[in-house]
Amino acid sequence: MKKFIDVTPNVKWVGIVDQDARKFHGEELSVNHGSSYNSYLIREDKIVLIDGVKATFSREWIEKLKEEIDLNRIDYLILNHCEPDHSGSIPDLVDEIPNVPIYCTQKAREILEAYYGKRDWNFNIVKSGDNLSIGNKNLVFLEMKMLHWPDSMLTYLLEDQILFSNDAFGEHYGANELFDDMVDEDILKYECLKYYACILSPFSKLIKLKLQEIEKMGLKFKIICPSHGVIWRKNPNGIVEKYRKWCEGYSENQILIVYDTMWNTTRKMAEVIADGIREVKPDWTIKLLNNGKTDLNDVVTEIFKSKGILMGSSTINSSVLPSMGALLSSIKTIPYENKKVNFFGSYGWNGRAMDVFQKELEKSALIISGECLKIKWNLDEDTYIKAWGFGMNFATQL
């Protein structure tokens, strides 16, 4: 188990790094670089523990915590969010210190009691703007409903300008080095974007409002301590600015072509379409992904980055290939803005994959642009030209 690390002289990271994790939210989210469950100990006149860890690590975490501090000296327990990866260890912890005051939102209490039963815990319900004195310093609470659960809140150490942000501003990155200035910058950048695209993007409008609320409150950040991934100490405002961009209909000069194929005709179509796009957008990034061989979360991340998306599939059993069906389902409720989409594919007799694309994409926030392209059996000289033109036409609409 990783040793606990000082964030500042009075704040210590007391969490868990899980470098072996590869899936999160059950099997729904890939975490290719592991993750961490960050908990923090504040030592002032009063001693405060912020958030717990996943139940899998409960006993070893508590034993390690006992090496750090007599648990009975903890004056307050703050729970910013009660999803089981943060609260799973709390029943074991409260068994050790049954009278510890627990500060959380009303919704957090309801969720805790739903998961762990109604217990005689010392709940103290807080709302936005409430203040908790810990001696010469103060903690301020800000509710973050539906970011990304209804119980979520932030805790701000006012005098030190340290934000304990829980799931906001985090990422799944189980790095041994816990600070933003000590890890691989490219991995960190991608994992932050992936976290936002796959977990938080459905709540972009709420994120925009909360960022405005934080700005109106005049909160400044010297350090941001999220519940997953790195602690932002070098440039904490950098991740806040990224969230400002990401919540505002974000896209880059990129076109994504994502497809699945049975006998390679749809793959050939994708490659020719890419060549057609390149004629019109030579300076743009054109990304081809075989959806059957690519992690679904990485595809969703690339959709989030792209101004235009082309989806391709062979027809099988009057539908799209299963990997494309999963992708269509995954993006259906994400409130994308100003992203155009079209679709293409090969078929042998009925070509109904195109009907499925049409029906499912109409349910999404993506904007269908132009007529689809379907080719029977295989490419020939005429259909090669059509595929090239399909790519050019789509690119001109962006």
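The values are calculated or read from the model by the stated rules, or taken from the named source; none is laboratory data. Just so it is clear, the structure is predicted and the values come from calculations on it, not from any experiment. FYI the Cβ positions are ideal-geometry reconstructions off the backbone, even for glycines, and counts take in every protein chain you see.
The table below gives the values:
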read-out	value
Of all residues in segment 109-134 being over 16 Å from Asp75 (Cβ atoms) and touching a Leu at 6+ places or on another chain (Cβ under 8 Å), the one that is surrounded by the most Cβ atoms within 10 Å (Cβ to Cβ)	Leu112
Tally, over segment 84-106, of residues that are within 22 Å of Glu143 (Cβ to Cβ), in contact with a Ser or Thr (Cβ under 9 Å, 6 or more places away or on another chain) and either polar (S, T, N, Q) or surrounded by fewer than 19 Cβ atoms within 10 Å (Cβ to Cβ) (or both)	1
Check on Asp85, within 27 Å of Val183 (Cα to Cα), assigned to a strand (DSSP E or B) and of a type outside the set (Ser, Thr, Tyr)	no
Which numbered condition Gly174 misses (of (1) touching a Pro at 6+ places or on another chain (Cβ under 8 Å); (2) part of a loop (DSSP other than H, G, I, E, B); (3) of a type in the set (Gly, Ala, Ser))	(1)
Condition broken by Asp120, with the remaining ones in (1) part of a loop (DSSP other than H, G, I, E, B); (2) under 18 Å from Leu163 (Cα atoms) satisfied	(2)
Scope segment 340-398; condition in a helix (DSSP H, G or I) and farther than 20 Å from Arg278 by Cα; matching residues	Ala353, Met354, Asp355, Val356, Phe357, Gln358, Lys359, Glu360, Leu361, Glu362
Residues satisfying the stated conditions in segment 314-339, i.e. in a loop (DSSP other than H, G, I, E, B), surrounded by 15 or more Cβ atoms within 10 Å (Cβ to Cβ) and small (Gly, Ala, Ser)	Ser314
Those residues of segment 191-232 which are outside any helix (DSSP H, G or I), within 18 Å of Trp149 (Cβ to Cβ) and either aromatic (Phe, Trp, Tyr) or touching a Pro at 6+ places or on another chain (Cβ under 6 Å) (or both), in sequence order	none
Among (1) outside the structural domain of Leu328 (by TED's automatic domain parsing); (2) surrounded by fewer than 23 Cβ atoms within 10 Å (Cβ to Cβ) - the single one Val272 does not satisfy	(1)
